[in-house]
Each structure stands twice: as structure tokens, then as C-alpha cells.
Amino acid sequence: WDVTTNAPIARAMRGPGGPAAAFVLESAMYAVAASLKLSPLALRKAWDVSPLRQRLYAAAEKVPWFATPAPSDGRFQRGVGLASGVWPYFYQPNTQITVTLEGGKLTASTAAQDIGNGTRTVIAETIARHFGISRDLITVLLGDSIYPTGVMSAGSRTTASVGPVAMDAADQIIDALVDVATAQFSLTNAKAVPGGIEHATGRLEWSQVFAIAPRITCTGKRKRDPAGQFLPITIADVVAGKRLAAGLQIVEVEVDRWLGRVRVTRSWSGIAAGRMVAPILAKSQVCGGVIQGIGYALYEQRRIDPVSGRIVTANLEDYRIPGIGDTPEMEVHFDQDGFDDVVGGGIGMSELCTVPVAAAVGNAIRAATGWAPQHLPIQPGDVLTALAGRSA
């Protein structure tokens, strides 16, 4: 429900609405599991029809500290909790990338921005993989309106837009180079393969073809996914895809029964969003999403003066966010299958990764103490009050 207030307006948030919804639903899943005398994972495995999440459940069972939780002592109670999440994906069909071959190197240009989500790397990796060459031979130019139309860096649409477009542009350059090499070297049965061109009597490396090729420029476009669209129309230059990414989050918490403090000690994130074009940067995105989820669960709280309506937690002295000491050991597992009907074989996951984290933290606290949190953030005073009530 939308609630009209006199407070300052809301701003953009990673996974808008998702963490709150997951917290409610996944907390209820734990209650159902307890009433049926099933483990939360067993309940999900029996109920969930998603093959993506079923594979994540199987992977989670192999996590040692999830299968055998650490023991607790009197003051510090440890608990492990899990939660699942979903998130839609989008792409921007008007996205374009121009790729130019000149002087033995490739240059890709688009007006998209890179706000730290790896747009530059995704474009370079896609082209390099398609050619079978080093990424060092590719220059990516971004962030200028003189370049072709770029995708907005938001809404889990960036990689699902620029990856397929870069692939389309690379395909066009490759086709042109096969024609150039066939004419220049009188080849027969020439075809592109990773690293070069094979023909009836041998093979040419791309470096040989680049050396004799004229300047070639091609512009890639975003093709329609075979999976189709969630809606038959494009709204604000955005298409909602039919597929959903799947996530599973496990956390271990340590609850201090004396002070009420909760510390997340370990995290395991399972992400099923298809092919990861840049796995290192994708892992970084997930770790960032986990840290944000921990902040949402335990620390971040907007407080408003009830008289003036002003925000009184308006700076980082008063508004608590996670620091290095709050960051747990983090492991990330990618399931890269199941998206063959999406151009490029993968979709966005940078919002998905934060959606189930707060719910997993709440469920871990429940496993440690027997108390089920119902409000966020879960602060020390809440924990102490709940534990005192249970003791009484």
C-alpha cells in the first residue's frame, strides 16, 4: 500500500520493495516450517517448483557451516538462517553500441554510464570472448552523448542490455572480416572460430586479418529474447523480460545475550541469473548487496522529528551503516544455467543479491534465540526486550 505522509520523499533504493517483502514472506515460511515440524530448507524443497532454486538448495546443503551449525555458549548464541528471493529483469531495446576496427584494435562506444557496476568490463569481455582475443585489444568509450544511445545504469537492466548489443556488434565485425579475408587471401570455406578464421587449407589468426583489414564500423542492437516479454509493450524504453532470477541467502549470526548485539559472522549467497560475463565484478556486486542487506536488517534507520518532519539521522554520524567490522566472511555461488532463451544467456542480478539478506538475518536470529523479529532494523534494545520476555 502507498502511504501518504508529510515526511521527506523517498529516494532510489537497491531492490526497491524487495527486502521488505522478502522479510515478511520468508519469516512466515519459517513459522510454517516450525508448525509442520520441518526444516526450513526441507519445506522449500518440497514446495518450490523453480528448478533454479532447487539447484541452489542442493548447493546450499553442501555448505559445511549450514549443514552443521557452530555450537553456542551461554552468552553468545549462534544461529543459521536462510531466505530465498526473486527479481525480474529488464532490458532497454534502444541500446546501441558501435564497434570500430582500426589499426589492429577494436573500439566500442556507447552513451551508457559506468557507475561501478562493470558496464565497461562487460562490453569488453563480451567482445573479447566473441573474438577469442585479449581484452587489451579493446577500448571502451562511455558517458558522452556523441556516442550511440546507451542504457540507463539502473533497474537490473544494464548487463542484459549492453551484453547482447556488444555481441551483435561483434558478430557484424566478424562477418565483415570473414568477407575481407576471403577476398584478400582467396580463401574457400572460410568461417570464424575463436581466435581467427579457419578455411579449407588452414587457419588465419585475427592478428593477421586485423593487419590487412580496412577501417570497419558496425553498430549493434538489442534483439528480442526468445523467451518473450512479460508485457507486450515497451514502457519508457524498457522491456520487462519473462524470466525471473533466483537467489538463496544463508547467514550465520552471533547474538550477544548480555548486550543484545547481533553480528553476522558468515554469509553464503546463491545466485541463479544465467551466464556471468564478468564473474569477478559480479561477485563484488553480490558482496556489496549482502553488506547493504545487513545494514538494512540491523543498522539503518531513518528517524523523523514528529513535530517538524525533519530527518534527524541526516548524516553518517547519526545514520548507522555497516563498517568493516560488521562485514562477515562471504562466499558466492553462481548457477549459470537455465537462461538459454535469453539473448546472451544471462540477466541482471545486482538487485536480487540484496533482496533476501535481511530475511535471512532475521531467521538466523530466530534460530539462535527462538525469537522471531517482526520489525526492521533489529536493534540491541529489541533483542534484549524480546529475550527478557522469553525468560520471564
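The values are calculated or read from the model by the stated rules, or taken from the named source; none is laboratory data. None of the values given here were measured: they were computed from a predicted structure. Neighbour counts are summed over all protein chains in view; Cβ atoms, including those assigned to glycine, are modelled from backbone coordinates with ideal geometry. What goes into the accessible areas is simple: the full protein's heavy atoms, side chains included, and nothing from ligands, DNA or RNA. Shrake-Rupley method; radii C 1.70, N 1.55, O 1.52, S 1.80 Å.
Restricting attention to region 142-165, and to residues there that are of a type in the set (A, V, I, L, M) and open to solvent by 60 Å² or more (accessible area, probe 1.4 Å), which single residue is farthest from G103 (Cα to Cα)? In this case the residue turns out to be M152. Show the residue pairs that are 6+ apart or on different chains and have beta-carbon atoms under 7 Å apart, the first residue being within region 1-21 and under 27 Å from G247 (Cα atoms), the second being among the aromatic types (F, W, Y) and surrounded by 12 or more Cβ atoms within 10 Å (Cβ to Cβ). Correct list of pairs: G15/W87; G18/W87; P19/Y296. Note on region 166-181: residues that are surrounded by fewer than 22 Cβ atoms within 10 Å (Cβ to Cβ), touching a residue at least 12 places away in the same chain (Cβ under 8 Å) and more than 26 Å from P226 (Cβ to Cβ) amount to 1. R55 fulfils the conditions (1) open to solvent by 60 Å² or more (accessible area, probe 1.4 Å); (2) in contact with a Ser or Thr (Cβ under 7 Å, 6 or more places away or on another chain); (3) modelled with pLDDT of 95 or more except for a single criterion, (2).
Of everything in region 64-89 that is within 21 Å of the chain's Cα centre (by Cα) and among the aliphatic types (A, V, I, L, M), the residue that is surrounded by the most Cβ atoms within 10 Å (Cβ to Cβ) is A83. Among the criteria (1) open to solvent by less than 20 Å² (accessible area, probe 1.4 Å); (2) more than 20 Å from the chain's Cα centre (by Cα), the one A46 does not fulfil is (1). Whether any residue in region 184-202 is farther than 25 Å from T121 by Cβ, open to solvent by 60 Å² or more (accessible area, probe 1.4 Å) and part of a helix (DSSP H, G or I) is what I want to check. Yes: region 184-202 contains one or more residues that are farther than 25 Å from T121 by Cβ, open to solvent by 60 Å² or more (accessible area, probe 1.4 Å) and part of a helix (DSSP H, G or I).
Count of region 229-273 residues, restricted to those that are in contact (Cβ under 8 Å) with a residue 12 or more places away in the chain, open to solvent by 10 Å² or more (accessible area, probe 1.4 Å) and small (G, A, S), is 1. Taking residues in region 116-137 that are farther than 11 Å from T158 by Cα and part of a loop (DSSP other than H, G, I, E, B), and partners anywhere that are of a type in the set (A, V, I, L, M, F, W, C) and open to solvent by less than 60 Å² (accessible area, probe 1.4 Å), the pairs with Cβ atoms closer than 7 Å and at least 6 places apart or on different chains are I133/W206; S134/A128.
Y319 falls short on exactly one of the conditions (1) in contact with a Ser or Thr (Cβ under 9 Å, 6 or more places away or on another chain); (2) closer than 22 Å to N363 by Cβ; (3) among the hydroxyl-bearing types (S, T, Y), and that condition is (2). Summed over region 110-127, the residues that are surrounded by fewer than 24 Cβ atoms within 10 Å (Cβ to Cβ) and either more than 18 Å from the chain's Cα centre (by Cα) or among the charged types (D, E, K, R) (or both) give a count of 5.
Quick one: count up the residues across region 292-315 that are in contact with a Ser or Thr (Cβ under 6 Å, 6 or more places away or on another chain) and either open to solvent by less than 30 Å² (accessible area, probe 1.4 Å) or assigned to a helix (DSSP H, G or I) (or both). Residues in region 292-315 being in contact with a Ser or Thr (Cβ under 6 Å, 6 or more places away or on another chain) and either open to solvent by less than 30 Å² (accessible area, probe 1.4 Å) or assigned to a helix (DSSP H, G or I) (or both): 2 in total. Put simply, of D382, D335, D326, D318 the only residue that is at pLDDT 90 or above and either of a type in the set (S, T, N, Q) or loosely packed, with under 15 Cβ neighbours inside 10 Å (or both) is D318. Looking across Q96, Q92, one residue alone is crowded, with 19+ Cβ neighbours inside 10 Å and at pLDDT 95 or above. It is Q96.
Looking across region 236-258, just one residue is charged (D, E, K, R), under 30 Å from Q92 (Cβ atoms) and assigned to a loop (DSSP other than H, G, I, E, B), and that is D237. Out of curiosity, is A211 open to solvent by 60 Å² or more (accessible area, probe 1.4 Å) and either among the aliphatic types (A, V, I, L, M) or within 30 Å of Y89 (Cα to Cα) (or both)? So A211 passes the test. Of everything in region 340-376 that is out of contact with any Lys or Arg (no Cβ under 8 Å at 6 or more places or on another chain) and open to solvent by 10 Å² or more (accessible area, probe 1.4 Å), the residue that is nearest to V290 (Cα to Cα) is M349. Restricting attention to region 69-98 and to residues that are of a type in the set (A, V, I, L, M) and in a strand (DSSP E or B), the residue that is farthest from Q113 (Cα to Cα) turns out to be V80.
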